[in-house]
Amino acid sequence: MNCPHAAQAAAQHGTTVVIDPMVQDLDGETARLRDAGPLARIELLGVPAWTLTRHADARRLLVDPRLVKDINAWGLWQSGVVTRDWPLIGMIDAGRSMFTVDGDEHRRLRTKTSQALTPRRLEAIRPDIEKFTAELLDALEEGGRDGAVVDLKSVFAQPLPMRVVGMLMGVDPAENAMLTRQYKAFFSMLTPQEERLALLDDLDVFYTALVREKTARPTDDLTSALILAEEGGEPLTEEEVIGNLKAMVAAGHETTIGLILNAVRALLANPGQLRMVLDGEVPWETVIEETLRWDTPTTHLLMRFATEDIQVGDGVIAKGEGVVISYRVIGRDPEQHGPDADAFDITRPTPIRHMTFGHGPHICPGAALSRVEAGIALPALFARFPNLRLAVPDEELRKLPVMTQNDMASFPVVLHD
């Protein structure tokens, strides 16, 4: 999208870090953003915004009521500079859900989800996650027989969370492959915008049909629970249930894919630390938390908007400007994590205090689910394949062209020596 007025506005603020849509150098981009200061000016496909790079500032502003999720508070949207032609608009103007409203309405929508996604429910589905994990490990072993190279992502890390979130939502398992393709195309910067908008329409049709089916014949799943939830104010409308489902399926599987693959990658690059984990010296929970800090599944979270001027260090977020939360940069903040923040180290002091799943009212509702899945998948993977290794040099692994998610195109491995 060509936004000359937006680019001119960015130039007025001095140095601007252009976020690379092809994600060719994520470590370099992280360093440039951190060096740009606590409040960094960025450009997202021609659109200017601010991003926070320090843990303390993000923690403070994520609970600041002057930053809201309502797109109508965005000056560039109100003025028409940003339109539906902008490739990232679907991540901001995503329909009414707990992800796009604030205050009392956010609490009402989130309460319904919290009632449906309880710790008890997560414990109840643990045997299902273990079953799915074992089945996918069998498929991985079959594909990797006789030293054959197999893609850990497509065979294991990607289908596991989609199966789990699909089961939670009451989605027919036969639809999982379709949903995976739809969301992959939606997030990819290579997808033409016209096609991306059509994908959103298709997802609306799919989720509308699902919600109406569950309304007529409710079952024991999250979709039915959202429809039937009675506490916390007015019942959810059909639009609100659909909005929550769309966003939760997207976040629920994408985050866990990144968490699993990033943890495996970090451990294979640090064999001494892997040995400590396999010997029981360091728990898997620590591996998960250090991975979440060091190589966050979500790179940049779009977007909040200032309802009045907000001071951050020596800079000011002006009323109507957009703010991105760059969780990968925040996770490597030396002021929070020490001078070795760029290093993966499972021996650093615990607890590892990161904010990868957010902070405040909009903290990710699926954080516990992602941790449970990774806590089952990772030890099971290495118990089955303790000699797992990359089939290519680490530097040959390529990121997908996704500006918001930290996702790899593939993860080729050999299972046995």
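The values are calculated or read from the model by the stated rules, or taken from the named source; none is laboratory data. Small disclaimer: the values here were computed from a predicted structure and weren't measured. Note that we place each Cβ from the backbone using ideal geometry, even for glycine, and neighbour counts take in every protein chain shown. Heads up: the accessible areas ignore ligands, DNA and RNA and are worked out on the full protein's heavy atoms, side chains in. Shrake-Rupley method; radii C 1.70, N 1.55, O 1.52, S 1.80 Å.
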Subject >> Residue ID - modelled with the lowest pLDDT, chosen from residues in the range 65-99 that are of a type in the set (S, T, N, Q) and over 14 Å from Gly322 (Cα atoms) >> reply: Ser97
**OP:** For the range 135-164, name all the residues that are of a type in the set (Gly, Ala, Ser), outside any helix (DSSP H, G or I) and buried (at least 20 other Cβ atoms within 10 Å of the Cβ).
**Re:** Gly144
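Among the listed residues Asn244, Asn262, identify the single one that is farther than 30 Å from Pro393 by Cβ and of a type outside the set (Ser, Thr, Tyr).
Asn244
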**OP:** Could you grab me the full set of residues in the range 102-118 that are in contact (Cβ under 8 Å) with a residue 24 or more places away in the chain, over 15 Å from Pro361 (Cβ atoms) and part of a loop (DSSP other than H, G, I, E, B)?
**Re:** Leu117
**OP:** Output the residues belonging to the range 151-202 that are over 24 Å from Ile227 (Cβ atoms) and of a type in the set (Gly, Ala, Ser).
**Re:** Ser154, Ala157, Ala177, Ala185, Ser188, Ala198
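Restricting the search to the range 165-180, which residues are acidic (Asp, Glu) and part of a helix (DSSP H, G or I)?
Result: Glu175, single match.
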**OP:** Please identify the pairs in which a residue from the range 317-332 that is at positive phi has its Cβ atom under 7 Å from the Cβ atom of a residue that is assigned to a strand (DSSP E or B) and among the hydrophobic types (A, V, I, L, M, F, W, C), counting only partners at least 6 apart or on another chain.
**Re:** Gly320/Phe305; Gly320/Ala306
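Quick grid of which residues meet (1) over 23 Å from Val155 (Cα atoms); (2) among the aromatic types (Phe, Trp, Tyr); (3) out of contact with any helix residue (DSSP H, G or I) (no Cβ under 8 Å at 6 or more places or on another chain):
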| position | (1), (2), (3) |
| --- | --- |
| Glu194 | yes, no, yes |
| Leu197 | yes, no, no |
| Val205 | yes, no, yes |
| Gly243 | yes, no, yes |
| Leu268 | no, no, no |
| Ile288 | no, no, no |
Original post:
What do you reckon, is Thr111 in contact with a helix residue (DSSP H, G or I) (Cβ under 9 Å, 6 or more places away or on another chain) and of a type in the set (S, T, N, Q)?
Top reply: no
Original post:
Does Met169 satisfy being under 30 Å from Ala198 (Cα atoms), at pLDDT below 95 and surrounded by 18 or more Cβ atoms within 10 Å (Cβ to Cβ)?
Top reply: yes
Original post:
Quick one: what pairs do we get from the range 22-33, first residue open to solvent by 20 Å² or more (accessible area, probe 1.4 Å), second of a type in the set (A, V, I, L, M), C-beta under 6 Å, 6+ apart or different chains?
Top reply: Arg32/Val17
Original post:
Any residue at all in the range 119-134 that is open to solvent by 40 Å² or more (accessible area, probe 1.4 Å), modelled with pLDDT of 95 or more, of a type in the set (Gly, Ala, Ser) and part of a helix (DSSP H, G or I)?
Top reply: yes
**OP:** Scan the range 131-141 for residues that are touching a residue at least 24 places away in the same chain (Cβ under 8 Å) and either over 11 Å from Leu160 (Cβ atoms) or among the polar types (S, T, N, Q) (or both) and jot them down.
**Re:** Thr133, Glu141
Subject >> Criterion: in a helix (DSSP H, G or I) and open to solvent by less than 70 Å² (accessible area, probe 1.4 Å) - qualifying residue of Arg212, Arg196 >> reply: Arg196
Original post:
Which one is nearest to Arg332 (Cα to Cα), of the residues in the range 38-68 that are out of contact with any helix residue (DSSP H, G or I) (no Cβ under 8 Å at 6 or more places or on another chain) and open to solvent by less than 10 Å² (accessible area, probe 1.4 Å)?
Top reply: Leu61
Original post:
Met98 passes all but one of (1) assigned to a loop (DSSP other than H, G, I, E, B); (2) surrounded by fewer than 17 Cβ atoms within 10 Å (Cβ to Cβ); (3) in contact with a helix residue (DSSP H, G or I) (Cβ under 9 Å, 6 or more places away or on another chain); which number fails?
Top reply: (2)
Subject >> Members of the range 376-417 found to be in a loop (DSSP other than H, G, I, E, B) and acidic (Asp, Glu), listed by number >> reply: Asp407, Asp417
**OP:** List the number of the failed condition for Ser370; all other conditions in (1) surrounded by fewer than 19 Cβ atoms within 10 Å (Cβ to Cβ); (2) within 23 Å of Thr113 (Cβ to Cβ) hold.
**Re:** (1)
Original post:
Right, Ala185: closer than 25 Å to Phe411 by Cβ, touching a helix residue (DSSP H, G or I) at 6+ places or on another chain (Cβ under 8 Å) and either of a type outside the set (A, V, I, L, M, F, W, C) or surrounded by fewer than 19 Cβ atoms within 10 Å (Cβ to Cβ) (or both) or not?
Top reply: yes
